[in-house]
1. Among the candidates 166, 159, 226, which residue alone is at pLDDT 95 or above, touching a helix residue (DSSP H, G or I) at 6+ places or on another chain (Cβ under 9 Å) and closer than 24 Å to residue 95 by Cα?
2. Given the conditions (1) without any contact (Cβ under 8 Å) to a residue 40 or more places away in the chain; (2) touching a helix residue (DSSP H, G or I) at 6+ places or on another chain (Cβ under 9 Å); (3) more than 15 Å from the ligand (Cβ to nearest atom); (4) outside any loop (DSSP other than H, G, I, E, B), and given that residue 330 satisfies all but one, which numbered condition is not satisfied?
3. Only one of (1) part of a helix (DSSP H, G or I); (2) surrounded by fewer than 18 Cβ atoms within 10 Å (Cβ to Cβ) fails for residue 252. Which number is that?
4. State whether one or more residues within the stretch 240-248 are over 25 Å from residue 128 (Cβ atoms) and near the ligand (Cβ under 9 Å from one of its atoms).
5. Could you list, in sequence order, the residues of the stretch 44-89 that are free of Cβ contacts under 8 Å to residues at least 24 places away in the same chain and buried (at least 17 other Cβ atoms within 10 Å of the Cβ)?
6. For residue 321, indicate whether it is free of Cβ contacts under 8 Å to residues at least 40 places away in the same chain and more than 16 Å from the ligand (Cβ to nearest atom).
7. Scan the stretch 231-249 residue by residue and report those that are outside any loop (DSSP other than H, G, I, E, B) and within 21 Å of the chain's Cα centre (by Cα).
8. Out of the residues in the stretch 257-274 that are surrounded by 19 or more Cβ atoms within 10 Å (Cβ to Cβ) and within 21 Å of residue 211 (Cα to Cα), state the one that is farthest from the ligand (Cβ to nearest atom).
Ligand code: IDC
């Protein structure tokens, strides 16, 4: 399907000059999204359209500016049908050669990937991958433009979740909350039912990596409903103190792990499958949804595929092209989430 056409043909210029777009009605008919429909936050859990708690498990793309060629018909078929994933996270970097260099191009590609995920019955997390600089307010204008268009075009779909700030860092919780209270209404005005995911202080560590914890959030939550707070961990770096803090937070906040790795926080180095499994066991008990970093053939140990896999067109199904972390996570995804 033509994302360029989709992006361009539906855009009309309002007198204000702001680009608005008409919704496209084509929800997922099959797969996890077809079965579970529109999600919403129910207490501390994520529930499906029938009000039953649901755990989604799946993969994050790497940055679209670097590894878009790993997101093909064949690789997405494998993710949906061989890995049995529930969710694809579309990692839309803002800086580092990402969105800010070509807003139209990246937005069109996100439209297209939402379509690809929908065709396969997957949920899709639209990840506004701010990282450097770490203050999400640096990019508020761009975030408004991006989410205005994405939420307008996909409002009628029930499989889209919005992640408004990947990893705030070096910035207070108050600043993150302020940003969220600007951007959540932009989405809600167009797609009122969608779940919105809010990154937390210190690289989405709930504040822990900068000496705080989740109580700064419970004391001053984002003034919006139907949101979840984001936690990220890299198992070889974030056992112990981080894991304990995450478990405490899970008793008080709705959480969604939109990124984790089995390695160090660089996304590289040796795997610590023991630490990662402890997290996964806890998240299974609590039905906390998770997404692994990452579905690419980057050379680092955290990328699922061996270098060169994407350029040679696979194989994406089976285990032949997987690094150890890839083989481990494929197994875990196949045996967890909505299909478990
Ligand atoms: C890393 C990538 C690496 C890239 C770098 C650029 O693996 O190839 O050069 O980003 O910023 C995160 C971030 C995620 C990181 C990942 C691993 O959200 O962008 O990817 N990580 O370092 N948080 C903790 C770890």
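1. On the way: 159 fails: closer than 24 Å to residue 95 by Cα; 226 fails: closer than 24 Å to residue 95 by Cα.
Only one candidate qualifies: 166.
2. That leaves (1) as the condition not met.
3. Only one criterion is unmet by residue 252, namely (1).
4. Of the stretch 240-248, the ones over 25 Å from residue 128 (Cβ atoms) are 240-241, 243-244, 247-248.
The next check asks that each one be near the ligand (Cβ under 9 Å from one of its atoms); those that pass are none.
Scanning the stretch 240-248, I find no residue that is over 25 Å from residue 128 (Cβ atoms) and near the ligand (Cβ under 9 Å from one of its atoms), so the answer is no.
5. Of the stretch 44-89, the ones free of Cβ contacts under 8 Å to residues at least 24 places away in the same chain are 47-48, 50-52.
Across the stretch 44-89, the qualifying residues are 47, 48.
6. Numbers: free of Cβ contacts under 8 Å to residues at least 40 places away in the same chain: yes; more than 16 Å from the ligand (Cβ to nearest atom): yes.
Answer is yes for this residue.
7. Of the residues in the stretch 231-249, the ones outside any loop (DSSP other than H, G, I, E, B) are 231-234, 240-249.
Scanning the stretch 231-249 gives 231, 232, 233, 234, 242, 243, 246, 247, 249.
8. Looking at residues that are surrounded by 19 or more Cβ atoms within 10 Å (Cβ to Cβ) and within 21 Å of residue 211 (Cα to Cα), I get 257.
The values are calculated or read from the model by the stated rules, or taken from the named source; none is laboratory data. As the structure is a computational prediction, the values presented were derived from the model and not from experiment. All Cβ positions, even for glycine, are placed from backbone atoms using ideal geometry, and neighbour counts span all protein chains on display.
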